[in-house]
1. For segment 91-117, what are the residues that are over 15 Å from ALA173 (Cβ atoms) and either in contact with a helix residue (DSSP H, G or I) (Cβ under 7 Å, 6 or more places away or on another chain) or in contact (Cβ under 8 Å) with a residue 12 or more places away in the chain (or both)?
2. Before we move on, is VAL302 part of a loop (DSSP other than H, G, I, E, B), open to solvent by 50 Å² or more (accessible area, probe 1.4 Å) and β-branched (Val, Ile, Thr)?
3. Between ALA18, ALA58, which is surrounded by fewer than 20 Cβ atoms within 10 Å (Cβ to Cβ) and either within 16 Å of the chain's Cα centre (by Cα) or small (Gly, Ala, Ser) (or both)?
4. Looking at (1) of a type in the set (D, E, K, R); (2) more than 9 Å from ligand 1 (Cβ to nearest atom); (3) crowded, with 20+ Cβ neighbours inside 10 Å, which is the one condition that is false for GLU182?
5. Looking only at segment 274-322, which residues are under 20 Å from LEU142 (Cα atoms) and hydrophobic (A, V, I, L, M, F, W, C)?
6. Within segment 122-138, count every residue that is at negative phi and within 18 Å of the chain's Cα centre (by Cα).
7. Can you tell which of GLY34, GLY42, GLY23, GLY11 is surrounded by 16 or more Cβ atoms within 10 Å (Cβ to Cβ) and assigned by TED's automatic domain parsing to the domain that holds ALA230?
8. Report yes if GLY152 is at pLDDT 95 or above, over 26 Å from ASP170 (Cβ atoms) and in contact with a His (Cβ under 6 Å, 6 or more places away or on another chain), otherwise no.
Amino acid sequence: MPRALVTGITGQDGQHLAELLHGEGYEVFGMVKGQNNPRIAGVLEEFPFIEPVSGDLADLSSLVKAVEVAAPDEVYNLGAVSFVAYSFSHAELTADISGLGVLRMLDAVRMVGGATNNPIRFYQASTSEMFGEVREVPQTELTPYHPRSPYGCAKVFGHYITMNYRESYDMFACSGILFNHEGPRRGLEFVTRKITNAVARIKLGLQDELVLGNLDAKRDWGYAGDYVRAMWLMLQHDTPEDFVIATGETHTIREFLDLAFAEVGIDDWSPFVRQDPKFLRPAEVDLLIGDASKAKEKLGWVPEVSFPDLVSMMVTHDLEHEAAKAHLHD
Ligand code: NAP
Ligand code: F7E
């Protein structure tokens, strides 16, 4: 039975990936940060097959121990400070966890090693935020980086150090440059889930307005379930390479609002949405659109869930979830 260690198991992607790996017959070890992590109990209730191991990306010795305990064939480094807006006010923490944390995880993998005939394979969660102020449209594996946030800067370091360890130590280490991916497990701080949750609550009469920042930014939004499949395929490939994972379509926040409100029968969302400068960022990423041709050609990966189906899936989930919560309080 193959063994995988996943950091960031309590996050959106960690949960999707754990589900996929379990389905593929893996023993799944999930790294859990903190002495009393508030999120892990819920995750273990939904995915009882996950074996929790303690570890923090700020602490190399804890990572070495986690790799020793899990003795993995594959490590997926998904743990990070991942919220771009938060990274501006917590720049040092972001650099430490999302940047140096990658170096620590690579060192832990290198120190523990794995059998010589079966070295540990390493996946790094790189991001389209590295492209930032984009130098070309669409963005590919060869597009230069110009990050626009402390998060983007930390991820550029994580990306290059993964490449450097691959080239220096002959490690099977690769990065997926994933564009935004969403779904019902997305954190409420991110714009898509903030919108679908508010739309559901407005429809149910539980909330009367939705306060947002920049509505004109464009994102290439896919479904998280499709994207974790690409992570796994990268580690099954015969050579370690970096891949862009994207849908090749871009949409504004306004278009997301159109579809989300239409899903509950509201055609004009303007009376419900207010803009507040407090949600604007010191520097914005205006346009992202990825070209995943390499992943299609070499991994056979293509996204399956369309943009309208993704919005519909999230609104439907949040309607059910919010209605169930409201009944509990009746
Ligand atoms: P997420 O939901 O925010 O999850 C982040 C995870 O990181 C959580 O499980 C969190 O654990 C963990 N974490 C935070 N600090 C840690 C630390 N010091 N040590 C160990 N773990 C720590 O993020 P996601 O959306 O699943 O994304 C997964 C990865 O892909 C991240 O690296 C993100 O930057 C990257 N990425 C995401 C997207 C996207 O659109 N979702 C796109 C490109 C790249 P606790 O909160 O339980 O402590
Ligand atoms: O913002 C705008 C905001 O926070 C998207 C992370 O997973 O994807 C994610 O980063 C856009 C931005 O995601 C609000 O200004 C407007 O232009 O949902 P987001 P993100 O910054 O794209 C990348 C690929 C990652 O790697 C990251 O880890 O929406 N926006 N109004 C807003 N955003 C938020 N959060 N809240 C608002 O009220």
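The values are calculated or read from the model by the stated rules, or taken from the named source; none is laboratory data. Nothing here was measured: the structure is a model prediction, and the numbers come from that model. We place every Cβ from the backbone using ideal geometry, glycine too, and count neighbours over all the protein chains shown. Just so you know, the surface numbers come from the protein's heavy atoms only, side chains and all, with ligands and any DNA or RNA stripped out. Shrake-Rupley method; radii C 1.70, N 1.55, O 1.52, S 1.80 Å.
1. Selection gives ALA91, LEU93, THR94, ALA95, ASP96, ILE97, SER98, GLY99, LEU100.
2. Details: part of a loop (DSSP other than H, G, I, E, B): yes; open to solvent by 50 Å² or more (accessible area, probe 1.4 Å): yes; β-branched (Val, Ile, Thr): yes.
Taking the combined requirement at face value, the residue satisfies it.
3. Exactly one of ALA18, ALA58 is surrounded by fewer than 20 Cβ atoms within 10 Å (Cβ to Cβ) and either within 16 Å of the chain's Cα centre (by Cα) or small (Gly, Ala, Ser) (or both), namely ALA58.
4. (2)
5. VAL285, LEU287, LEU288, ILE289, ALA292, ALA295, LEU299, TRP301, VAL302
6. Of all residues in segment 122-138, those at negative phi come to 122-131, 133-138.
From what's left, within 18 Å of the chain's Cα centre (by Cα): 122-131.
Going through segment 122-138 one residue at a time, the tally reaches 10.
7. Numbers: GLY34 fails: surrounded by 16 or more Cβ atoms within 10 Å (Cβ to Cβ); GLY42 fails: surrounded by 16 or more Cβ atoms within 10 Å (Cβ to Cβ); GLY23 fails: surrounded by 16 or more Cβ atoms within 10 Å (Cβ to Cβ).
Answer to the check: GLY11.
8. The answer is no for GLY152.
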